[in-house]
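Novice: Dumping the structure here so I can ask a few things about it.
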Amino acid sequence: MRDQDLSPVGSDRRLSTKEAAELLGVKPETVYAYVSRGQLSSRRAPGGRGSTFDAAEVETLARRNRRGSAGSSSGPGSELSVRTRLTLIDSDRYYFRGVDAVELATRHTYEEVAEWLWTGRLRPGAAFGAPEASVAVARRAVDALPEHATPTDRLRVAAIAAATADPLRFDLSEEAVLGTARSLIPTLVAALPAVPPGHRDSGPLAHRLWARLTGWEADEARLRVLDTALALLVDHDLAASTLAVRVAASARAHPYAAVSAGLGVLEGPLHGAAGGLAHRLLLEVLDQGDATPVVADELRAGRRIPGLGHRLYPGEDPRARALFALLEDIPHAGPALAAARDIVATAARHTPLHANVDLALAVFTASSGMPATAGETIFAVARTAGWIAHALEEYGERPLRMRPSGQYAGPKPPRPLPEPDAGGVTRHS
């Protein structure tokens, strides 16, 4: 069974409400405000009188409040902090349930890494299968979309359609959610149009996804890169799309709806679309044979260079490093790798930044006959597993805890009722 106690390791000591308030330097009612906003967890005291709080958790919140107190005008609970056992990012490395994520991704398949993230158990040979009825309804829905629909459009529609074919989707027990996860991900892939017509889905998920990304013949080296990329991108802490998933799960939305929430945020240009921008930049450098004029144009237009830098990694993005190492074994990737190095070196004259995973994905997609949208598709399919892992965690928390308070900045009430003007437009007197 999944461990639902998400308290820090070794935090056995419990505090009373009064003790917690004193440590935080707030009133007892403010302690409960922290609980209502998900920043503290509480447990009924023995005998049912009052609540107790994890001492280490209270101390962590007190330290954070002290750091943010100087010059801050926001009130208690303004910072949303979500405890998770899934992913830790630290010192230019990241870990899935305490295990180095790059080592997991390079030694195990995407399906195996997903199972580890969901359950904390490794299932060698794990395989996902999609029910025929679910695939059929998802394909019909996707086929009805206009040709210019994006991959994220198609995946979001497929997720909603698959939900309608599952009458048990409201069962939020761990076993039911895991069953949904193992069928939803291959359903999403199967609902995407296959580039080689008549392609039959079989084998690992990376093999099935390949046929949705390019008409090129698959080879083992490229399939390994794709599978590793999926595993590397499974989760990355609380990205914007992941937070949206947890908000949906907090309201007890079923897994299909939670994934749909994540896909909606992913389509933003500051999130999932970054891979496509890096792909186009790389193709332009390949076309011109020199990164200098391309990078200069980007800087002249006031745009940041796609594929460079990451706010969570002062040094090199470990996902990019792992993918670049695998791409060295693909002969046809040589020109794209050289172009990527040229981009990094040229941009370093302005600001020294390392390549991130978007640039590594762009090298892979550009050298494999894939469109610019392929990186977004890979990212979305991969991250679906992580979203479900976060939904599982959130289902084990208090419902509706993701409810921050708004800081009203409008006109001071009470105001008189508005009066319509002569043109029918409502106005205030």
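Novice: Six or more apart or on different chains, Cβ atoms under 8 Å: show the pairs whose first residue is in region 262-283 and under 14 Å from residue 360 (Cβ atoms) and whose second is of a type in the set (Phe, Trp, Tyr) and in a helix (DSSP H, G or I).
Specialist: Within 8 Å, the pairs are 275/379.
Novice: Next question. Regarding region 294-309, can at least one residue be identified that is part of a helix (DSSP H, G or I), under 30 Å from residue 104 (Cβ atoms) and small (Gly, Ala, Ser)?
Specialist: Applying the first criterion (part of a helix (DSSP H, G or I)) to region 294-309 yields 294-300.
Of the ones still in play, those that are also under 30 Å from residue 104 (Cβ atoms) are none.
Within region 294-309 (the criterion being part of a helix (DSSP H, G or I), under 30 Å from residue 104 (Cβ atoms) and small (Gly, Ala, Ser)), the answer is no, since none of the residues qualifies.
Novice: Part of a helix (DSSP H, G or I), within 17 Å of the chain's Cα centre (by Cα) and farther than 19 Å from residue 233 by Cα: does that describe residue 394? Step through it out loud before you land on a result.
Specialist: On the way: part of a helix (DSSP H, G or I): yes; within 17 Å of the chain's Cα centre (by Cα): yes; farther than 19 Å from residue 233 by Cα: yes.
It is true that residue 394 is part of a helix (DSSP H, G or I), within 17 Å of the chain's Cα centre (by Cα) and farther than 19 Å from residue 233 by Cα.
Novice: Please tell me if residue 417 is without any contact (Cβ under 8 Å) to a residue 40 or more places away in the chain and either of a type in the set (Asp, Glu) or over 27 Å from residue 279 (Cβ atoms) (or both). Give the derivation first.
Specialist: On the way: without any contact (Cβ under 8 Å) to a residue 40 or more places away in the chain: yes; either of a type in the set (Asp, Glu) or over 27 Å from residue 279 (Cβ atoms) (or both): yes.
It is true that residue 417 is without any contact (Cβ under 8 Å) to a residue 40 or more places away in the chain and either of a type in the set (Asp, Glu) or over 27 Å from residue 279 (Cβ atoms) (or both).
Novice: Within region 83-111, track down each residue that is assigned to a helix (DSSP H, G or I), crowded, with 21+ Cβ neighbours inside 10 Å and of a type outside the set (A, V, I, L, M, F, W, C).
Specialist: Those that are assigned to a helix (DSSP H, G or I), crowded, with 21+ Cβ neighbours inside 10 Å and of a type outside the set (A, V, I, L, M, F, W, C): 110, 111.
Novice: Shifting gears a bit: In region 1-34, which residues are under 24 Å from residue 400 (Cα atoms), in a loop (DSSP other than H, G, I, E, B) and either modelled with pLDDT of 90 or more or aliphatic (A, V, I, L, M) (or both)?
Specialist: Scanning region 1-34 gives 1, 6, 26.
Novice: Among the residues of region 35-64, which ones are surrounded by fewer than 21 Cβ atoms within 10 Å (Cβ to Cβ), modelled with pLDDT of 80 or more and assigned to a loop (DSSP other than H, G, I, E, B)?
Specialist: Hit for region 35-64 is 41, nothing else.
Residues checked against (1) over 24 Å from residue 264 (Cα atoms); (2) under 22 Å from the mean Cα position of the chain (by Cα):
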position: 118; (1), (2): no, yes
position: 122; (1), (2): yes, yes
position: 138; (1), (2): no, no
position: 149; (1), (2): no, yes
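Novice: Another question, then. Out of region 88-118, which residues are of a type outside the set (Gly, Ala, Ser), out of contact with any helix residue (DSSP H, G or I) (no Cβ under 7 Å at 6 or more places or on another chain) and more than 14 Å from residue 205 (Cβ to Cβ)?
Specialist: Scanning region 88-118 gives 88, 89, 90, 99, 100, 103, 107.
Novice: If you check 194, 176, which single one turns out to be surrounded by fewer than 19 Cβ atoms within 10 Å (Cβ to Cβ) and not in a helix (DSSP H, G or I)? Working first, answer last.
Specialist: Working: 176 fails: not in a helix (DSSP H, G or I).
The match here is 194.
Novice: All but one of (1) among the aliphatic types (A, V, I, L, M); (2) assigned to a loop (DSSP other than H, G, I, E, B); (3) at pLDDT below 95; (4) out of contact with any Lys or Arg (no Cβ under 7 Å at 6 or more places or on another chain) hold for residue 402; which doesn't?
Specialist: Only one criterion is unmet by residue 402, namely (4).
Novice: Just checking, which of 369, 334, 386 is in a loop (DSSP other than H, G, I, E, B), at pLDDT 95 or above, surrounded by 12 or more Cβ atoms within 10 Å (Cβ to Cβ) and small (Gly, Ala, Ser)?
Specialist: Working: 334 fails: in a loop (DSSP other than H, G, I, E, B); 386 fails: in a loop (DSSP other than H, G, I, E, B).
Within the list 369, 334, 386, the selection yields 369.
Novice: So, one more: When you go through 212, 224 one by one, which is the residue that is buried (at least 20 other Cβ atoms within 10 Å of the Cβ), in a helix (DSSP H, G or I) and among the basic types (Lys, Arg)?
Specialist: Numbers: 224 fails: buried (at least 20 other Cβ atoms within 10 Å of the Cβ).
Only one candidate passes the filter, namely 212.
Novice: Now for a separate question. Check residue 275 against each of (1) in a helix (DSSP H, G or I); (2) modelled with pLDDT of 90 or more; (3) of a type outside the set (Lys, Arg) and name the one condition it does not meet.
Specialist: The one condition residue 275 does not meet is (2).
Novice: Taking the criterion of being in contact (Cβ under 8 Å) with a residue 12 or more places away in the chain and more than 23 Å from the chain's Cα centre (by Cα), would at least one residue in region 154-161 satisfy it? Quick ask: steps written out before the conclusion?
Specialist: The initial filter retains those residues of region 154-161 that are in contact (Cβ under 8 Å) with a residue 12 or more places away in the chain, namely 154-161.
From the residues that got through so far, the ones that are more than 23 Å from the chain's Cα centre (by Cα) too are none.
Among the residues of region 154-161, not one is in contact (Cβ under 8 Å) with a residue 12 or more places away in the chain and more than 23 Å from the chain's Cα centre (by Cα), which makes the answer no.
Novice: Further question on the same structure: Looking at the structure I just gave you, is residue 244 among the small types (Gly, Ala, Ser), surrounded by 16 or more Cβ atoms within 10 Å (Cβ to Cβ) and without any contact (Cβ under 8 Å) to a residue 60 or more places away in the chain?
Specialist: Details: among the small types (Gly, Ala, Ser): yes; surrounded by 16 or more Cβ atoms within 10 Å (Cβ to Cβ): yes; without any contact (Cβ under 8 Å) to a residue 60 or more places away in the chain: yes.
Spelling it out, residue 244 is indeed among the small types (Gly, Ala, Ser), surrounded by 16 or more Cβ atoms within 10 Å (Cβ to Cβ) and without any contact (Cβ under 8 Å) to a residue 60 or more places away in the chain.
Novice: Which residues, counting only those in region 278-293, are of a type in the set (Asp, Glu) and in a helix (DSSP H, G or I)? Give the steps one after another, and end with the answer.
Specialist: At the first step, the residues of region 278-293 found to be of a type in the set (Asp, Glu) are 284, 287, 290.
Result: 284, 287.
Novice: Give the residue, chosen from 316, 267, 298, 284, that is of a type in the set (Asp, Glu), surrounded by fewer than 24 Cβ atoms within 10 Å (Cβ to Cβ) and touching a Ser or Thr at 6+ places or on another chain (Cβ under 8 Å). Full working, then the answer.
Specialist: Values: 316 fails: touching a Ser or Thr at 6+ places or on another chain (Cβ under 8 Å); 298 fails: touching a Ser or Thr at 6+ places or on another chain (Cβ under 8 Å); 284 fails: touching a Ser or Thr at 6+ places or on another chain (Cβ under 8 Å).
Criteria check complete, one pass: 267.
Novice: Out of everything in region 254-289 that is touching a helix residue (DSSP H, G or I) at 6+ places or on another chain (Cβ under 7 Å) and of a type in the set (Asp, Glu), what residue ends up being nearest to residue 341 (Cα to Cα)?
Specialist: 284
The values are calculated or read from the model by the stated rules, or taken from the named source; none is laboratory data. The structure displayed is predicted, hence computed values, not measured ones. A quick note on method: Cβ atoms are made from the backbone with ideal geometry, for glycine too, and the neighbour counts reach across all protein chains shown.
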